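**Q** So that we are looking at the same thing, I have put the structure below in structure tokens.
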Amino acid sequence: MVRALLRRTRSVILAVLALLALPAAASASTVSLWHMDEPAGATTMKDSVGTNNGTLTNVTTGVAGFTNTAFSFNGSSSVAAVNSSSTLNPGSGSFTVTASVNFGAPPTAAIGDFDLVRKGLSSTTGGYWKMEILQTGKAFCQFQGSSGGATITSASSLADKQWHTISCVKRSTAVRLIVKTGTSTKTVSKTVTIGSISNTAKLTMGAKSIGGDWYNGLMDEVSFSRP
């Protein structure tokens with residue numbers, strides 16, 4: 001009888017632990033996910049979840065990546081562009097943008113910054129958001145909405161030829177920047193109200209939609225999700 005009770009207790013504990021082990025992503029809705037696993041010579045970037053496929057310009061595909069293969073951006077003319085889509089406009093809602101990157105040197109003063117992922121410019125009507133690398137090599141997130149703006153910067157440089165997964169997170173009253181490197185996770189948070197972000201701009205990776213801020217490095221597994 002005691003053994004049977006112990007077995008039942010163990011089963012209950014294992015079931016609870018299994019529930020607790022569910023990944024955070026299970027509670028979020030991935031709107032678009034670009035695996036960047038296109039073969040060498042591809043000119044189209046496929047959205048594996050939604051319908052937001054992109055066009056590749058001077059991007060080298062099929063290189064070794066964070067997961068399977070990745071894209072290589074040349075620092076002068078490479079860009080991936082996704083046409084404007086209402087599904088990528090968060091409005092006043094929460095959202096998370098994530099990208100895995102690997103680069104050896106930070107941008108020079110002549111380049112400015114490395115634009116990783118962005119939707120809109122500072123002049124764009126309706127606000128904008130972006131993820132980039134500063135000249136210090138640090139990750140940087142910026143949000144500009146109807147109620148105000150916010151910037152947030154990682155604690156250290158990522159220019160070390162390792163894979164880093166960066167997430168820019170907007171919530172109703174806070175923003176966060178999360179950097180995962182191997183088993184290490186570092187988070188910087190700021191309490192702020194951004195309001196609504198909704199524009200008709202393209203989503204671009206590796207540069208601005210008008211060119212400039214050209215990224216020089218590898219990029220993989222880019223996603224846009226909402227809770």
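**Q** Going through the range 168-227 one residue at a time, which ones are in a loop (DSSP other than H, G, I, E, B) and over 23 Å from residue 80 (Cα atoms)?
**A** 172, 173, 182, 183, 192, 193, 194, 195, 196, 227
**Q** Which residue pairs have Cβ atoms closer than 9 Å, lie 6 or more positions apart in sequence or on different chains, and pair a first residue in the range 69-80 that is touching a residue at least 40 places away in the same chain (Cβ under 8 Å) and more than 14 Å from residue 38 (Cβ to Cβ) with a second residue that is assigned to a strand (DSSP E or B) and of a type in the set (D, E, K, R)?
**A** So the pair list comes out as 79/115.
**Q** Here's another thing I want to ask about it. Within the range 158-180, work out how many residues are hydroxyl-bearing (Ser, Thr, Tyr) and exposed (fewer than 15 other Cβ atoms within 10 Å of the Cβ).
**A** Counting residues in the range 158-180 that are hydroxyl-bearing (Ser, Thr, Tyr) and exposed (fewer than 15 other Cβ atoms within 10 Å of the Cβ) gives 2.
**Q** Which of the residues belonging to the range 134-150 are in a strand (DSSP E or B) and either at pLDDT below 95 or not hydrophobic (A, V, I, L, M, F, W, C) (or both)?
**A** Across the range 134-150, the qualifying residues are 138, 142, 144, 145, 148, 149.
**Q** Among the numbered conditions (1) closer than 18 Å to residue 54 by Cβ; (2) surrounded by fewer than 19 Cβ atoms within 10 Å (Cβ to Cβ); (3) under 15 Å from the mean Cα position of the chain (by Cα), tell me where residue 200 comes up short.
**A** (3)
**Q** State all residues of the range 157-167 that are assigned to a loop (DSSP other than H, G, I, E, B) and among the polar types (S, T, N, Q); if no residue qualifies, say none.
**A** Correct list: 162 only.
**Q** Given the criteria modelled with pLDDT of 95 or more and either of a type outside the set (A, V, I, L, M, F, W, C) or in contact with a Phe, Trp or Tyr (Cβ under 6 Å, 6 or more places away or on another chain) (or both), does residue 214 qualify?
**A** no
**Q** Could you tell me which of the residues 89, 74, 102 is at pLDDT below 95 and not acidic (Asp, Glu)?
**A** 89
**Q** Here is a further query. Quick one: would you say residue 47 is buried (at least 18 other Cβ atoms within 10 Å of the Cβ), modelled with pLDDT of 95 or more, part of a loop (DSSP other than H, G, I, E, B) and of a type in the set (D, E, K, R)?
**A** yes
The values are calculated or read from the model by the stated rules, or taken from the named source; none is laboratory data. Every value quoted in this text rests on a predicted model; they were computed, and no experiment measured them. Note that each Cβ is placed from the backbone with ideal geometry, even for glycine, and that neighbours are counted across all protein chains shown.
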